[in-house]
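What follows is calculated from the coordinates using simple rules that are stated; it is not laboratory data. Keep in mind that what you see is a predicted model, and the values were worked out from it rather than measured. Neighbour counts are summed over all protein chains in view; Cβ atoms, including those assigned to glycine, are modelled from backbone coordinates with ideal geometry.
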Amino acid sequence: MLVLDLWLARRSLMAERPELRIWAWGSLLALLGFVSMPLRLWMPMGPAILLSNALLGAGIVFYGHAVHQFVHQQKAPLTGWLVYGAGVLLLAWMALRTTPYAFYAAMVSFWFTWLLVPTLQVLLRKGWQLEPSLRTMAITLMVCWTALVVRGVHALQEPDRYRHLLHPDWVQSLTLLTAFLAVIGSSFGFLLANIERTQGQMQRLASCDDLTGCYNRATARTMLGHLLDRCRREGTPMALLLLDLDHFKRVNDEHGHQIGDEVLRRFSAAVRLRLRASDVFGRMGGEEFCVGLPLTDRAGAIELAEALRQTTEALVLPGKGGQPLAVTVSVGVVAVCHTALEQHGTTLELLYGSADDLLYQAKRLGRNRVVIG
């Protein structure tokens with residue numbers, strides 16, 4: 001059922017996610033490994049142990065690659081497959097010899113712990129700070145890793161209690177139960193992490209401009225409204241900047257929309273470097289942007305606006321045919337103190353309209369300038 005759920009999710013919910021596809025393959029291999037365990041009733045012990053544990057080990061490696069892909073957004077190194085190959089060769093060598101089952105149990109347990117190490121490293125080092133479901137995965141796999149270590153040590157210390165896989169022993173039973181639960185628990189945790197990431201991406205797409213990464217028009221206006229209300233409550237000043245790239249239509253016409261998009265990305269990145277975490281930066285449409293500045297008086301707003309104008313003027317962008325492309329920006333600045341917010345009933349519409357008038361005044365005066373209200 002777990003494999004079926006994962007494959008259905010892979011095909012419908014997140015077909016574009018390679019990490020989910022890799023995890024589904026790992027779960028299928030783990031399923032085949034568990035199903036092949038009863039073959040020991042009809043096959044020689046060595047080949048049967050090699051078959052089932054080779055499948056389980058391959059599933060663990062696939063799990064590690066899926067986690068690495070999810071966390072780092074790139075393919076995992078081949079180190080896990082080297083450890084896997086060494087373990088398979090060891091089991092094959094043991095299958096050619098008369099090896100007691102207790103030694104098999106110990107070696108397989110320690111081999112699986114090594115295969116789990118890369119996955120645990122990724123989850124504990126970086127994955128812990130990402131989606132919360134990854135923490136559940138890390139804890140589940142740590143419990144499984146501990147159970148495997150206990151089983152390996154116990155098999156070496158008490159070999160008489162390891163005659164075959166189903167020989168009644170609390171360590172054997174606990175390890176098998178933990179292995180089943182680890183596969184199921186970590187798989188559902190991984191699926192939930194994928195869902196959490198997808199929801200986060202959908203929320204960002206709904207609130208952010210996909211080209212520049214700043215807020216879109218609707219979200220920016222909402223955030224500016226919250227900012228205005230906060231400044232009114234706290235009795236602090238705020239400022240609003242409207243920025244518009246000069247002659248941007250000419251850039252698109254002469255250099256193409258692809259270069260025009262790159263100009264918008266570079267400009268947005270340059271502006272973002274100058275802003276604080278509390279500032280509101282949004283794209284209002286086309287080449288027009290807004291910046292909301294809490295706790296900022298008129299002098300501070302002028303200083304930032306001029307810095308943004310100079311930063312934009314200094315940008316050197318690749319134009320058509322590799323020729324350098326220079327861009328400039330016009331800025332309209334309006335700043336209000338807490339007295340104006342309280343006494344004059346300043347609204348976002350009034351504030352935005354004033355900044356818009358100042359922006360067009362900057363355009364009429366020759367562009368590449370800052371006009372302050």
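The trypsin sites (Lys or Arg not before Pro) found in the range 263-338 that occupy coil by DSSP, while having at most 12 further C-beta atoms within 10 Å, are R276.
Taking 0.36 nm per residue of sequence separation and subtracting the Cα-Cα distance, how much length would be gained by fully extending the chain between L177 and S278, in nm to one decimal? Could you put the intermediate results ahead of the total?
Details: separation 101, 0.36 × 101 = 36.36 nm, distance 4.97 nm.
My answer for the length gained is 31.4 nm.
Put the Cα centre of the range 115-193 next to the Cα centre of the range 232-303 and the gap is 51 Å.
Once C-alpha pairs closer than 8 Å and six or more residues apart are averaged by separation and normalised to the residue number of the range 217-372, the relative contact order reads 32 percent. For the chain, the membrane-span-like helices by this rule, meaning whole DSSP H stretches whose C-alpha atoms cover at least 20 Å of axis and whose Kyte-Doolittle mean is -1.0 or above, are 18-35, 45-72, 79-95, 101-125, 133-157, 170-207, 217-234, 257-274, 298-314, 348-364; this says nothing about an actual membrane. With both labels modelled 7 Å from their Cα along Cα-to-Cβ, the L82 to A206 distance reads 4.6 nm.
Restricting to Cα pairs below 8 Å that are 6+ residues apart, what does the relative contact order work out to for the chain? Please round to a whole percent. Relative contact order for the chain comes out at 12 percent.
Considering only DSSP beta bridges whose two residues both sit in the chain, what percent are antiparallel, to the nearest 5?
Values: 23 of 27 bridges.
So the antiparallel bridges in the chain amount to around 85 percent.
What the Cβ-Cβ distance of T236 and T311 gives, at R0 = 35 Å and to the nearest 0.05, is a FRET efficiency of 0.85. Neighbour counts of other Cβ atoms within 10 Å put F62, F103 in the fewest-to-most order F103, F62.
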